[in-house]
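Data block below; observations after.
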Amino acid sequence: MARSLDTLVTFNRRSAKTHSGIWRDLAVRKRRTEVDAQLGIVVTLGQDAGVATPLTTRLIELIHDIENGVRTQSLDTLEALGQSA
């Protein structure tokens, strides 16, 4: 698994896209993201399997807060996610 992640990191470092689509939607395009379709499925599958996904659930909540203007895309929001870990 570690080798696979290392390979993925090496590959993505050469990519022109240095940030995720969700990040770009929030920071650049100032629009709603596809977080529910992209990450919400993890929560749904976890629930179906009886596996808790609290960090992913919290990440989705925070992204929705940014989309709705409740929070800013900032280090404070990242720290809020870290407090959930």
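Values in this text are rule-based calculations from the coordinates and carry no lab data. Since the structure is predicted, the reported quantities are computational estimates derived from the model, not experimental observations. Heads up, the Cβs are rebuilt from the backbone with ideal geometry, glycines too, and the neighbour counts pull from every protein chain shown.
The table for this structure:
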item	result
Within-10-Å neighbourhood charge of residue 25 [Cβ basis; K, R +1; D, E -1]	+3
Restricting the chain to trypsin sites (Lys or Arg not before Pro) in coil, as DSSP defines it, with at most 16 other Cβ within 10 Å	14, 17, 29, 30, 31, 32, 71
Distance (nanometres) between label positions extended 7 Å along Cα→Cβ at residue 38 and residue 58	2.1 nm
Most positive-pole-ward Cα, 45, 12, 78, against dipole of the chain from beta carbon charges	12
Label of the coordinate-derived value, mean projected area of the Cα convex hull in nm², listed as [x] 5.2; [y] 6.8; [z] 9.6	[y]
Dipole in debye (nearest 20) - the chain, about Cα centre, beta carbon charges: Lys, Arg +1; Asp, Glu -1	500 debye
Over the chain: helical MRE at 222 nm, DSSP H runs n ≥ 4 each giving -39500 (n - 2.57), nearest 500	-19500 deg cm²/dmol
Kyte-Doolittle at least -1.0, axis length at least 18 Å by Cα - qualifying DSSP helices, the chain	54-67
